[in-house]
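Enquirer: Got a structure here, written out as structure tokens. Questions coming.
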Amino acid sequence: MTSVQLLEKTEVWLHGIDLDNANLPGLADVVADVLSLPRDKVFVTDVRPQLVVLDILSPRVELEHVAGKQDALLDALAKVPGIHVAADATVHSEGILGVIGTPREDVDRYLADARKLEGQIATYASRRVAVVSTGSEILAGEIEDTNYAAIREAMEAAGFEVEFGGIAGDSEAEIAGMVARLSGEGFGIIITTGGVGAEDKDHTVEALERLDPQLSTAVLAQYTRGHGRHVKDAVRIAIARLGWSTVFALPGPTHEVKLALPVIVEGLAAGSSLPQLVEAIAAPLRSTLPHHQPHHHHHH
């Protein structure tokens, strides 16, 4: 299977479709079924004369499931009560989903080209690093962010291209949104700094958990919840997967970031599994924290 990211182009237009008291969720379910997509990820967003617009909320699709499916899609819709499909009806989309309309005789050639392109993009993305700093104090300009320079120096020496991805505030949604956008822009490695502590303003690991519920985490230190400012029982780092991107959530202090970087470079080169890599990164970091307790990684 060739899994590709949809990026921003997620609308599908059905031209030549007229509705007469049709059930819109039912229509969306038919489209989802034909394209082998989860039913809860396909929605009708607009209905006009001779036009139905749907939105696909899956971040990735399998090309084999959608390429050349125009006829099958229109045939399935024509069987639904209340839907009239004109003889010249077509399915149209910008971006990747445009493959739905690929003539069936061209599908194999298209898929071969797409696999080659996907491989090239993944190879290119794997050398591109985006750095995201988190924290309202950095956003407000109260403290200088020295992590980007440290990451750029270490990663560029190892042959990576490093760019500053931006500063996110302390909210889960803001951090998750910025990471998702950078993944969509083709950064194969995203490193976030800050927000991994046990206080109420620390939300980076939770933000990544929204994007990858299976993320791997390692505990650096444990606390008794409710003592002082601690609302969580541990300081954790994490590694998540999002499409072709690997996302590292590191602590904010630059000396800790510098300890993690050689381990990241080595682990990426070795192709380490994420649970192995997060534990390897945690090992040198634990010794820098007060009341540290060695703790094995948690794989959710």
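The values are calculated or read from the model by the stated rules, or taken from the named source; none is laboratory data. Predicted, not measured: the structure shown is a model, and the values here were computed from it. FYI the Cβ positions are ideal-geometry reconstructions off the backbone, even for glycines, and counts take in every protein chain you see. Side chains are part of the model used for accessible areas, which takes the heavy atoms of the whole protein and leaves out ligands, DNA and RNA. Shrake-Rupley method; radii C 1.70, N 1.55, O 1.52, S 1.80 Å.
Enquirer: Out of all the residues in region 155-172, which are touching a residue at least 12 places away in the same chain (Cβ under 8 Å) and open to solvent by 60 Å² or more (accessible area, probe 1.4 Å)?
Expert: Let us first name the residues in region 155-172 that are touching a residue at least 12 places away in the same chain (Cβ under 8 Å), namely 155, 158-172.
Hits for region 155-172 are E161, E163, F164.
Enquirer: Which residue is modelled with the lowest pLDDT, if the candidates are limited to region 35-61 and must be over 16 Å from S93 (Cα atoms) and not in a loop (DSSP other than H, G, I, E, B)?
Expert: Step by step, filter region 35-61, then rank; the result is K41.
Enquirer: Can you name the number of the only condition in (1) more than 11 Å from L14 (Cα to Cα); (2) in contact with a helix residue (DSSP H, G or I) (Cβ under 6 Å, 6 or more places away or on another chain) that V61 fails?
Expert: (2)
Enquirer: It is to be established whether one or more residues within region 142-151 are within 12 Å of G194 (Cα to Cα) and at pLDDT below 85.
Expert: yes
Enquirer: How many residues does region 68-103 contain that are in contact with a strand residue (DSSP E or B) (Cβ under 9 Å, 6 or more places away or on another chain), open to solvent by less than 50 Å² (accessible area, probe 1.4 Å), outside any loop (DSSP other than H, G, I, E, B) and within 14 Å of L27 (Cβ to Cβ)?
Expert: The qualifying residues number 7.
Enquirer: Hey, could you check region 170-209 for residues that are touching a Gly at 6+ places or on another chain (Cβ under 6 Å) and not aliphatic (A, V, I, L, M) and say which is farthest from E118 (Cα to Cα)?
Expert: D202
Enquirer: So, of the residues in region 1-28 that are assigned to a loop (DSSP other than H, G, I, E, B) and closer than 28 Å to D108 by Cβ, which turns out to be modelled with the highest pLDDT?
Expert: Quick first cut of region 1-28, residues assigned to a loop (DSSP other than H, G, I, E, B) only: 1-2, 6-10, 20-23.
Subset that is closer than 28 Å to D108 by Cβ: 1-2, 6-10.
Details: M1: 64, T2: 57, L6: 52, L7: 50, E8: 54, K9: 56, T10: 75.
Restricting to residues being assigned to a loop (DSSP other than H, G, I, E, B) and closer than 28 Å to D108 by Cβ, the top hit is T10.
Enquirer: Right, next: If you check every pair at least six apart or on different chains, which have Cβ atoms under 7 Å apart with a residue in region 97-125 that is on the phi < 0 side of the Ramachandran plot first and a residue that is open to solvent by 50 Å² or more (accessible area, probe 1.4 Å) and part of a helix (DSSP H, G or I) second?
Expert: V99/Y110; T102/Y110
Enquirer: Could you run through region 164-208 and say how many residues are hydroxyl-bearing (S, T, Y) and in a strand (DSSP E or B)?
Expert: Filtering region 164-208 down to residues hydroxyl-bearing (S, T, Y) leaves 171, 183, 192-193, 204.
Keeping just the survivors that are in a strand (DSSP E or B) gives 192-193.
Looking only at that region, the number is 2.
Enquirer: Of the conditions (1) under 30 Å from G271 (Cβ atoms); (2) touching an Asp or Glu at 6+ places or on another chain (Cβ under 8 Å), A125 clears all except one; give me its number.
Expert: Against the list (1) under 30 Å from G271 (Cβ atoms); (2) touching an Asp or Glu at 6+ places or on another chain (Cβ under 8 Å), A125 comes up short only on (2).
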